[in-house]
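Worksheet for the structure shown next.
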Amino acid sequence: MFSDLQRSALLDFAKAVIKNRLDGSAYAEPDDPAFTAKRGIFVSLHIHGELRGCIGYIFPYMSLVDSVKEMALAAAFRDPRFKPLTQAEFNDLQIEISILSELIPVHSNAEIVIGRDGLYIDHPSGSGLLLPQVALEWNWDVPEFLRHLEQKAGLKACAHQDPETDLYRFEAEIFSA
């Protein structure tokens, strides 16, 4: 778990790198030793409560500082569902960071806890991920969470039961500003 100060530093950093891309303003990278850890991470952007971008990766490829920088820029400017963020939108921007735990294989739906777990499905025909907060926001139960996960991955209903499917759960430390 990160302290409030560490969380603020990562959120401020994410906002600063986006602002830099928009107007060239200077920023400094946070130098907390805890930020050298490699973790899966997602950065979600909202404006007036509406999703404006969300990009991340499941596996720990690089340090948290580098990951926050890369994913903040990707969410703001490269999410294919949205046009690139504009300067006019910047002041209304809310940033949410989700730092992921390791993936834990799911052997039974009874292992999945709404509110605690995010889900990742991997099948030869597609893969997909839903963060833990999504099921809470939409008031889904476990079967509905699985249906939406399969849909996001472009898979048929009940694909999580296919022997070729790997289903994982994970937890996330989620914070926003």
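The values are calculated or read from the model by the stated rules, or taken from the named source; none is laboratory data. These numbers come from a predicted model, not from an experiment. Note: ideal-geometry Cβ built from the backbone for every residue, glycine included; neighbour counts use all protein chains shown.
In the set (1) outside any helix (DSSP H, G or I); (2) surrounded by 15 or more Cβ atoms within 10 Å (Cβ to Cβ), Gln6 fails one condition alone, (1).
If you go through the range 12-26 one residue at a time, do you hit one that is under 30 Å from Pro105 (Cβ atoms), of a type outside the set (Asp, Glu) and at pLDDT 95 or above? No: the range 12-26 contains no residue that is under 30 Å from Pro105 (Cβ atoms), of a type outside the set (Asp, Glu) and at pLDDT 95 or above. Would the range 141-148 turn up any residue that is buried (at least 17 other Cβ atoms within 10 Å of the Cβ) and of a type in the set (Phe, Trp, Tyr)? Looking through the range 141-148, at least one residue is buried (at least 17 other Cβ atoms within 10 Å of the Cβ) and of a type in the set (Phe, Trp, Tyr). Criterion applied to Ala88, Ala72 was being assigned to a helix (DSSP H, G or I), exposed (fewer than 14 other Cβ atoms within 10 Å of the Cβ) and in the same structural domain as Leu45 (by TED's automatic domain parsing), and the one residue passing it is Ala88.
Here Arg169 does not qualify as outside any strand (DSSP E or B), surrounded by fewer than 20 Cβ atoms within 10 Å (Cβ to Cβ) and of a type outside the set (S, T, N, Q).
Put simply, of Leu100, Leu131 the only residue that is buried (at least 16 other Cβ atoms within 10 Å of the Cβ), closer than 22 Å to Leu10 by Cα and modelled with pLDDT under 95 is Leu131. All told, Lys152 falls short of being basic (Lys, Arg), out of contact with any strand residue (DSSP E or B) (no Cβ under 9 Å at 6 or more places or on another chain) and outside the structural domain of Leu10 (by TED's automatic domain parsing).
Summed over the range 32-71, the residues that are modelled with pLDDT under 95 and either touching a His at 6+ places or on another chain (Cβ under 8 Å) or among the aromatic types (Phe, Trp, Tyr) (or both) give a count of 3. Against the conditions (1) in contact (Cβ under 8 Å) with a residue 40 or more places away in the chain; (2) among the hydroxyl-bearing types (Ser, Thr, Tyr); (3) part of a helix (DSSP H, G or I), Ser67 satisfies every one except (1).
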